[in-house]
1. Using Cβ contacts closer than 10 Å as the measure, can you line up E197, E251, E202 from fewest to most?
2. In deg cm²/dmol, rounded to 500, what helix-only [θ] at 222 nm does the chain give when every DSSP H run of at least 4 residues adds -39500 (n - 2.57) and the total is split over its residues?
3. Can you sort Y39, Y249 by how many other beta carbons sit within 10 Å, fewest first?
4. Stretch R16-A177 to full length: gain in nm at 0.36 nm per residue minus the Cα-Cα span?
5. So for F263, F245, fewest C-beta neighbours within 10 Å to most, what's the order?
6. Mind telling me which of A178, A90, A205 comes out most flexible in a GNM of the chain, alpha-carbon contacts under 10 Å?
7. Relative to the first principal axis of the alpha-carbon coordinates of the chain, what is the inclination of helix 134-144, with its axis defined by its Cα atoms, in degrees from 0 to 90 and to the nearest 10?
8. What is the gain in length, in nm to one decimal, between A29 and A254 on full extension, counting 0.36 nm per residue of separation less the C-alpha to C-alpha distance?
Amino acid sequence: MSPPLAPPAAPSPTPRAVHPADLAAWKRAGRRFTMVTAYDHPTAQLLDRAGVPVLLVGDSLGMVVLGHDTTLPVTLRAMLHHAAAVARGASRALLVGDLPFLPARAGLERAARAAGRLLSQGGMHAVKLEGGGPTVALTAHLVARGIPVMAHLGLTPQSVHGLGGWRVQGRGPAARAALGSALRELEDAGAFAVVLEGMPAEVGADLTRATGLPTIGIGAGPGCDGQVLVLHDLIGLTVGPTPRFARAYAEVGAAITRAALTFQEDVAAGRFPDAEHSYP
């Protein structure tokens, strides 16, 4: 377990809503920033109040909220359900929603309709697409239709079976060159930022230096322009092992267990409800 952290300083959030272009301006200014996943209304409120500039409604909800082994079963309907709840809770953060596995592979027009629904019905400001290759054409297609796109390279969870499992990417000259080529293509296609996941730290740093896109790392080392964590890992709500790159800044899971145990003890002993918590 990480050592206890000192209380953080009060956040100094941007005094207006965050837009995709702000991330590029922050990269040019050398300002590091954060992105955190959000899946519901109350956590979106809390993260927005804390000044987190980018909230990602990730299809990771399939694993951390719905209990699946991968993100592949997540549907567009599920994404819209959670995205709309987050949008109702956040007023300042840039909201990004993952385009799920099936809609992202259903052809340009069907994928564009699904992405449009994430904005028009889900309240998102942008969508995130995983991978290079065919995703480059989809990125250009969406950007041409006014839908901002955040790219995602390296360990892409929607391709976990094709990658042979949860493996670190970008090891070896050929793999590094392929990542660099995909990044250039996505930048040319109009993506406004890119998530770099599961790669050696030096590869993340090299890619960050080689592109004008703001890079957001998750297991890609400290050389990226920003960093993202899954909310459940960030607050200690994950049950079981966590990835090497995750750090718990709170122990909410342990607090929930303690609260439930104490509640049961108080009820069994007749201490709850007491006069203070009963109507006269």
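1. Working: E197 23, E251 16, E202 13.
Least crowded to most crowded, the residues run E202, E251, E197.
2. Details: 11 runs with 114 residues, N = 280.
Rounded to the nearest 500, the figure is -12000 deg cm²/dmol.
3. Values: Y39 23, Y249 13.
Ranked by crowding around the Cβ, least crowded first: Y249, Y39.
4. Working: separation 161, 0.36 × 161 = 57.96 nm, distance 3.86 nm.
Difference between extended and current length: 54.1 nm.
5. On the way: F263 11, F245 16.
Ascending number of Cβ neighbours within 10 Å: F263, F245.
6. A178
7. 80 degrees
8. On the way: separation 225, 0.36 × 225 = 81.00 nm, distance 3.92 nm.
Value of the extension gain: 77.1 nm.
Readers should treat all values here as calculations from the given coordinates under stated rules, not as data from a laboratory. This one's a predicted model, so the numbers in the text were calculated from it and none came from an experiment. Please note: Cβ atoms are built from the backbone with ideal geometry, for glycine as well, and neighbour counts cover all protein chains shown.
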